[in-house]
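Student: Mind looking over this structure? Questions follow.
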Amino acid sequence: MSQSDKPDSLSYRDAGVDIDAGDAFIDIIKPIAKRTQREGCLSGLGGFGALFQVPQNYKEPILVSGTDGVGTKLKLAFDLNKHDTIGIDLVAMCVNDVIVQGAEPLFFLDYFATGKLTPEVAAQVVEGIGEGCIQANAALIGGETAEMPGMFNSGEYDLAGFCVGAVEKSKIIDGTKVKAGDTLIGLASTGAHSNGYSLIRKVIDTYNVPLDTLIGGKPLSEAVMAPTKIYVRSILSLLKQVDLHALAHITGGGIPGNLNRVLPDGCHAVVDESSWQWPALFSWMMETANIKRSEMYRTFNCGVGMILVVDQADVERSINLLSEAGETAFVIGEIKDGESEQQVHIV
């Protein structure tokens, strides 16, 4: 560009940024956030920081935090132009991590970054975040919206979330109660949740699979975009009546890579894979791409989104209470005495 072609002055708009986007996003999020308000909320949106008071029913509250994203599931959301449930995934990945330590999710913040804000897409994403917060009884109290020209392709965005919960100090679940003879209870997942999507997309691309292909009677698009299950309310309800020894949120790494995180020295877990049925998506993927069973278990939840470790005497009551709360719960194995080269055996 010659000196004569250069403009006399530049503004923020010349950089490709919509300076009104932030205000527009606040207008979108305010009514959604209002629906998620709960005890402890002290401020509305728009301030430099969000205020929240730990509920006074806690005597010795310990704060538990978790942060996460939804990975490359976003790419499928872009391809399908489906943005209304990806926010549920975002909340779920955070609150399900917080609940495994016995903590009640209190509040949630999100980070939404895009090249150029598209209000209708942003509204769908935030609606999903609000729905996830309602399911988890967590208040949406703030977040950040970043418009970043040149960082994203047209129509793309990134999401991250942050959740804080509280648990009574005496009731922290840390796996120290786990012992030989305890029973493993699995809670059914709704699909791949938000893990393993790089492999899912690779299978779809490599074998040129149309997204309207029927898998288990449903379009593949519906199977891969099923929102992550939020287990918060059912587990909090169960905690009031049953002494849970440990919980494992089955995310990246699958059952072997997550259940082993709550096993004490001197014990190992045996999981009976015949005790539940894989969702059709996983069986289809394994057959289509000839994926080894061990690789499936290492990458996906394979139908088990959460594992509870309970005393054998509490098994029947736990399953009944979980069923009443709307969960599909089933015994999947047990904790056994003795060291093992593999802490988690799937047989």
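Student: Within the stretch 27-61, can you find the residues that are small (Gly, Ala, Ser) and at negative phi?
Tutor: Ala33, Ser43, Gly44, Gly47, Gly49, Ala50
Student: Restricting attention to the stretch 327-347, report how many residues are modelled with pLDDT of 95 or more and hydroxyl-bearing (Ser, Thr, Tyr).
Tutor: Total meeting the criteria: 1.
Student: Got a sec? Which helices (runs of 4 or more DSSP H) wholly within the stretch 5-122 have at least 2 residues that are closer than 26 Å to Gly150 by Cβ, modelled with pLDDT of 95 or more and open to solvent by less than 30 Å² (accessible area, probe 1.4 Å)?
Tutor: Once the helices (runs of 4 or more DSSP H) in the stretch 5-122 are filtered for at least 2 residues that are closer than 26 Å to Gly150 by Cβ, modelled with pLDDT of 95 or more and open to solvent by less than 30 Å² (accessible area, probe 1.4 Å), what remains is 73-80, 86-99.
Student: Residue check, Val271 against (1) surrounded by 17 or more Cβ atoms within 10 Å (Cβ to Cβ); (2) of a type in the set (Val, Ile, Thr); (3) free of Cβ contacts under 8 Å to residues at least 60 places away in the same chain, all met but one. Which one?
Tutor: Going through (1) surrounded by 17 or more Cβ atoms within 10 Å (Cβ to Cβ); (2) of a type in the set (Val, Ile, Thr); (3) free of Cβ contacts under 8 Å to residues at least 60 places away in the same chain one by one, Val271 breaks only (3).
Student: I would also like to ask the following. For the stretch 260-309, enumerate the residues that are touching an Asp or Glu at 6+ places or on another chain (Cβ under 8 Å) and of a type in the set (D, E, K, R).
Tutor: Asp265
Here's the yes/no breakdown for (1) assigned to a strand (DSSP E or B); (2) open to solvent by 40 Å² or more (accessible area, probe 1.4 Å); (3) on the phi > 0 side of the Ramachandran plot:
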| site | (1), (2), (3) |
| --- | --- |
| Asn153 | no, yes, no |
| Gly165 | yes, no, no |
| Ala180 | no, yes, no |
| Asn195 | no, no, no |
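Student: Return yes or no: is Leu220 within 23 Å of Glu295 (Cα to Cα) and either in contact (Cβ under 8 Å) with a residue 24 or more places away in the chain or crowded, with 16+ Cβ neighbours inside 10 Å (or both)?
Tutor: Answer is yes for this residue.
Student: Looking at the stretch 299-347, which of the residues that are among the small types (Gly, Ala, Ser) and outside any helix (DSSP H, G or I) is farthest from Val224 (Cα to Cα)?
Tutor: The qualifying residue farthest from Val224 (Cα to Cα) is Gly338.
The values are calculated or read from the model by the stated rules, or taken from the named source; none is laboratory data. From a predicted model like this one, the values you see are computed outputs, not experimental measurements. Cβ atoms come from the backbone with ideal geometry, glycine included; neighbour counts cover every protein chain shown. Surface accessibility is based on the protein's heavy atoms, side chains included, excluding ligands, DNA and RNA. Shrake-Rupley method; radii C 1.70, N 1.55, O 1.52, S 1.80 Å.
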